[in-house]
Amino acid sequence: MSGSSSVIAGSSNPPAITELDASQGLPPSILLDARAYFADRKNSTTATLDTGKAGRGIQVSICFAAPPALSYVCIHCPGHTDADFSDKPRVVRSEKQFLLLKLSLWGARFEEQVAEYYMYQAIRGGKPKLFQIPDLGPRFRRFLTLDHFGIYRCDDDEFILAGLAYTGGYRLHSYSSASKVWTARPADLEVEDRLTSERMPVATHKAIPLGGSLLGWVDLWKGILVCDVLCRDPQIAIGFIPLPLTGNTYDHICPWVIRDVACTDDGSLKFIEIEHLFSEPPPAVVAAPPDVMYDEDYFISLRDDPEPEPPKFVDWKATVWNRLVSDNCWRRGVVVHGNDMQVEELVGCTVIAVSTARNLLPSFPTLSIRGGDVVHMSSSGRLELGNGKTQMISIDMSSSTLKALAPCPPLEADDEFPYFPCVLSNYLGNHPALPQDTTQASNSGNLNQE
């Protein structure tokens, strides 16, 4: 219990940001911290819910910041104490005006963890709503959690949560906000017989909309499973989009550190990967053998053999690949090298030297869902700014230019994504609506062309 209390204590101190007032206007998209914070914040974004559990309730508010600074969610739970929570709160997913949140609590006997999920719904010109998602039930909870679900927006008021589970065969589990009912239907992976076990997707690092009623469950090491969540066939077909085979697998770290996939508003799929480049070790010098070799020379050579020089980090590069869902290939797009980085005159009101920009060591690349060539990343280590603190940066890939930076709380390379782009601000701010979402009418063709 003491361990969980320390975790909760770390979630009770929201970072200091230059907070934007939603009534004065917000950017059309933001970067949202996946770490939610326990704090009693009230503003125009606040939504509340009475859970009906002995007067216990939940209050959710959004604190907005201009990208690349991270916006974040504040959760207040009247009637609860820190001891009730088994883990830090998380933001699971965001799609348009919907935001899926997770609270981890101890069970009645403090022997098991119980996850509660809540959907926050922003309403243009109205008060936001908050409601709880019914539990999956013990039968499915053992192998499937809502952390692996995607959100399909039906219209401004309704949504479907959908997730794929494999237990000897695939099944599509879905929850409809209209019927308030969980359903499960069999599904078939069309190319399963062509995939070896090493290349079969096994993880869901993120779930993304792909246009029309298609959702994609992304294994950032291997590929994307694609399914039509509105399909009414008895056996639902699952398509597969493999990710580019770059050879940069980094199996020892979380893929979020170097990779991301997004489907932009213009219907394009984008994949980005960061690669660290190292110098080649100097060739070994092999001396000619002597004419006489004594037994003692064997032991001396064991003691005197020098350690090989480790490879030296010399640069990094980021590569973007592009395709449509209906394509049968990825096409390499822009490539940026750190040593070629340029810088705008002012970045976040701070003058940055070109030499400093080229000393970036970026990680956690995040593609914009609004399209374009700007990529957001975090940077620490080689970037000598802010007393060595982590920075959020924005890079225009088309011009190799560092455009903006902002302070960021330290990030952890675990199995959970640290932040993601979303357009929730467009439904809460005082500004014109976004253009019509073109992905709703495109990319619904053949998923696996030969």
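The values are calculated or read from the model by the stated rules, or taken from the named source; none is laboratory data. What you see is a predicted model, and the numbers here were worked out from it, not measured in a lab. Here Cβ is always computed from backbone atoms with ideal geometry, including for glycine, and neighbour counts include all displayed protein chains.
Identification of strands (runs of 3 or more DSSP E) wholly contained in the range 38-122 with 2 or more residues that are hydroxyl-bearing (S, T, Y) and either in contact (Cβ under 8 Å) with a residue 24 or more places away in the chain or touching a strand residue (DSSP E or B) at 6+ places or on another chain (Cβ under 6 Å) (or both) yields 47-53, 70-76, 113-121. Only residues in the range 208-223 that are farther than 20 Å from P365 by Cβ count as the first member; pair them with residues that are of a type in the set (D, E, K, R), Cβ under 6 angstrom, at least 6 apart or cross-chain, and list the lot. Here the result reads S213/D228; L214/D228, each pair linking the range 208-223 to a residue that is of a type in the set (D, E, K, R). On the given criteria, is S12 in a strand (DSSP E or B) and either out of contact with any Cys (no Cβ under 8 Å at 6 or more places or on another chain) or acidic (D, E) (or both)? It is false that S12 is in a strand (DSSP E or B) and either out of contact with any Cys (no Cβ under 8 Å at 6 or more places or on another chain) or acidic (D, E) (or both). When the range 153-186 is filtered for residues that are over 16 Å from D219 (Cβ atoms), of a type in the set (A, V, I, L, M) and touching a strand residue (DSSP E or B) at 6+ places or on another chain (Cβ under 7 Å), the ones remaining, listed by number, are I160, L161, A162, L172, A184.
Among residues of the range 191-202 being free of Cβ contacts under 8 Å to residues at least 40 places away in the same chain and hydrophobic (A, V, I, L, M, F, W, C), the one that is nearest to D155 (Cα to Cα) is V202. Every condition in (1) at pLDDT 75 or above; (2) in contact with a Gly (Cβ under 9 Å, 6 or more places away or on another chain) holds for R358 except the one numbered (1). Do we find that L245 is surrounded by fewer than 22 Cβ atoms within 10 Å (Cβ to Cβ) and not basic (K, R) in this structure? Yes; evaluated as a whole, the condition is true for this residue. Restricting to the range 197-246, name every residue that is over 16 Å from Y166 (Cα atoms), modelled with pLDDT under 90 and among the hydroxyl-bearing types (S, T, Y). Within the range 197-246, T246 is the sole residue that qualifies.
Within the option set L164, L215, L225, L230, being assigned to a loop (DSSP other than H, G, I, E, B) and closer than 30 Å to Y427 by Cβ holds for one residue only, L230.
I'm checking my understanding of the structure. Among residues of the range 41-88 that are touching a helix residue (DSSP H, G or I) at 6+ places or on another chain (Cβ under 8 Å) and surrounded by fewer than 15 Cβ atoms within 10 Å (Cβ to Cβ), which one is farthest from E112 (Cα to Cα)? Going through the qualifying residues, I end up with S44.
Looking at the range 288-309, is at least one residue hydroxyl-bearing (S, T, Y), outside any loop (DSSP other than H, G, I, E, B) and modelled with pLDDT of 90 or more? The answer is no; no qualifying residue exists. Checked across the range 345-355, the condition of being assigned to a strand (DSSP E or B), surrounded by 14 or more Cβ atoms within 10 Å (Cβ to Cβ) and at pLDDT below 85 holds for at least one residue.
Here is the figure for the range 195-247: residues that are of a type in the set (K, R) and either under 18 Å from the mean Cα position of the chain (by Cα) or closer than 19 Å to S268 by Cβ (or both) total 2. Criterion first (at pLDDT below 90, in a strand (DSSP E or B), at negative phi and under 23 Å from the mean Cα position of the chain (by Cα)) does L434 satisfy it? Considered against the rule, which asks whether it is at pLDDT below 90, in a strand (DSSP E or B), at negative phi and under 23 Å from the mean Cα position of the chain (by Cα), L434 comes out as no.
Within the range 168-183, residues that are at pLDDT below 95 reach partners that are basic (K, R) with beta carbons closer than 7 Å, at six or more positions or on different chains, in the pairs R171/R185; L172/R185.
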